[in-house]
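First comes the structure, then the notes that go with it.
The values are calculated or read from the model by the stated rules, or taken from the named source; none is laboratory data. On a predicted model such as this, the values are computed, not experimentally measured, just so you know. Cβ coordinates were reconstructed from backbone atoms using ideal geometry, including for glycine residues, and neighbour counts include every protein chain displayed. Protein only, heavy atoms only, side chains kept; ligands, DNA and RNA dropped before computing areas. Shrake-Rupley method; radii C 1.70, N 1.55, O 1.52, S 1.80 Å.
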Amino acid sequence: GLILVAQNKHNDAIKYYEKGISIEPNYAMIYNNLAAVYKTKKNYTLAKNYYDQSIKLDDKIPETQNNIGNLYIDLNKFDEAIESFKKAININSNFFLAYYNLGVLYKNLGKIKESKKYFKEAIDKNPNFYSAHRAYSQVNNYLTDQDHIEVMKKIYQEKNISESGKISLSFALGKAFDDQENFEKAVKYYNEGNKLRRKSIQFTYEKEKREFDNIKKIFNKDIFKHSINKENKDFKPIFILGMPRSGTSLVEQIISSHSKVFGGGELNYLDNLIKFYYYENNEFNPNINVNKIIKNLPIINNKYIEKLSEILIKNPIITDKLPINFKWIGFIKLIFPKSKVIHCTRDPKDTCLSIYKNYFTNTNLNYAYNFKDVVSFYNLYKDLMKFWNLNIPNFIYEVKYEN
């Protein structure tokens, strides 16, 4: 099962895990592994059921407590996530992953003091946990902390350091020297991190341009004359989108401070559904006709709302701040005509530089590790936003980060 998961053969892995359960129904770790597969497949209900079964059989496995904590984050149940991570630590005080995950969660909740504390704990438990150094650097101010810089430099110079470790430490050291306004050293480390990261990811400008062109070809003004019958026509989500590092998080924090608004964060539901129904060979299908697009819209509408129901939102309005949704504004207009679209903009140089200075795990940002790629992608984005404003006037509200 584990081997098949490593090969991304998730359905085959499920069969073997189920076979294992039929042989030994009380083996808790198989339920944990099965839950992890369903979490990867975004089937959160089944994932939760299998994690619960694993914990019922053995509540002293730190991995399972840690894993269900990560599931709770996906479900926006942050209190339950914190409780689960702390349970993992209580079971095994050296379980550094749980400290790290607590640090990430507290960082995302804006609790920087708590975030720093748990990142430091993760580093203390495992000094070669490179991701923790990088994460800690994001919440630390190096004007007053030279010690951590020296620790990172020493690890960075070790002969047996992995390439992924060197990447994480490069971005961390870049941030540290940036704080100290030692820009020469900052640039040295940022360049090193980006160069190494670019080696390990796939990005081609031609493929991106082809996709943007195909989107524009399909979404001419005529398509917006179609109407679709939907059960949920009054559903009014708020989509906050634009380039990364343009202020989407800040805008969501402001809006979701309202009692009637739930901050959903970067929900990939719409992006995944569009890719499922309209992609072919990992690209937006250029040969798809308008009738097929219209036919699937009510399905996407219902499936999007089904996914939201798993989060158990009590507030009547939700924000969805996945930046890449700027590609799908045409779909948003057709599927959720009463939704709000907030486009976050920022000075182009600031946007591109900020992207270059950050490490991303999201594959939608594979353009981020080379200045030429960043600028090329930015220009595609800018051109597409011009297209949307021309074809769907008065639908997109623009917020300028500097203002």
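For every residue, the table says whether it meets (1) within 20 Å of Asp373 (Cα to Cα); (2) surrounded by 13 or more Cβ atoms within 10 Å (Cβ to Cβ); (3) not basic (Lys, Arg).
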| position | (1), (2), (3) |
| --- | --- |
| Asn194 | yes, yes, yes |
| Lys199 | yes, no, no |
| Ile223 | no, yes, yes |
| Phe262 | no, yes, yes |
Check your understanding: Between a first residue in the range 72-86 that is within 17 Å of Tyr38 (Cα to Cα) and in contact (Cβ under 8 Å) with a residue 40 or more places away in the chain and a second residue that is open to solvent by less than 60 Å² (accessible area, probe 1.4 Å) and acidic (Asp, Glu), which pairs have beta carbons less than 7 Å apart while being 6 or more apart in sequence or on different chains?
Key -> Leu75/Glu310
Review point. Does the range 373-403 hold any residues that are within 26 Å of the chain's Cα centre (by Cα), in a loop (DSSP other than H, G, I, E, B) and within 15 Å of Trp328 (Cα to Cα), and which are they?
Key: Phe395
Revision key, fill the gap. By my count, helices (runs of 4 or more DSSP H) wholly in the range 132-207 with at least 1 residues that are in contact with a Lys or Arg (Cβ under 8 Å, 6 or more places away or on another chain) and of a type in the set (A, V, I, L, M, F, W, C) are 163-179, 183-199
Check your understanding: Counting only residues that are open to solvent by 40 Å² or more (accessible area, probe 1.4 Å) and part of a helix (DSSP H, G or I), how many does the range 20-49 have?
Key -> 9
Exercise for review: Return yes when Cys344 is closer than 30 Å to Val104 by Cα and either free of Cβ contacts under 8 Å to residues at least 24 places away in the same chain or not in a helix (DSSP H, G or I) (or both) and no when it is not.
Suggested key: yes
**Study point:** Cβ pairs under 7 Å, 6+ apart, first in the range 265-288 and without any contact (Cβ under 8 Å) to a residue 60 or more places away in the chain, second open to solvent by 40 Å² or more (accessible area, probe 1.4 Å)
**Key:** Tyr269/Lys307; Leu273/Lys303
Review point. Listed residues Ile228, Ile288, Ile311, Ile240; which is under 18 Å from the mean Cα position of the chain (by Cα) and at pLDDT below 85?
Key: Ile311
Study note, to complete from the structure: Expected single match for at pLDDT 95 or above, in contact with a helix residue (DSSP H, G or I) (Cβ under 7 Å, 6 or more places away or on another chain) and more than 21 Å from Phe177 (Cα to Cα) among Asn70, Asn90 is Asn70
Study note, to complete from the structure: Going through the range 101-148 in order, the residues found to be touching a residue at least 60 places away in the same chain (Cβ under 8 Å) and farther than 24 Å from Gly193 by Cα are Gly110
Exercise for review: Would you please name the residue that is nearest to Arg210 (Cα to Cα), looking only at residues in the range 266-301 that are among the polar types (S, T, N, Q) and not in a helix (DSSP H, G or I)?
Suggested key: Asn285
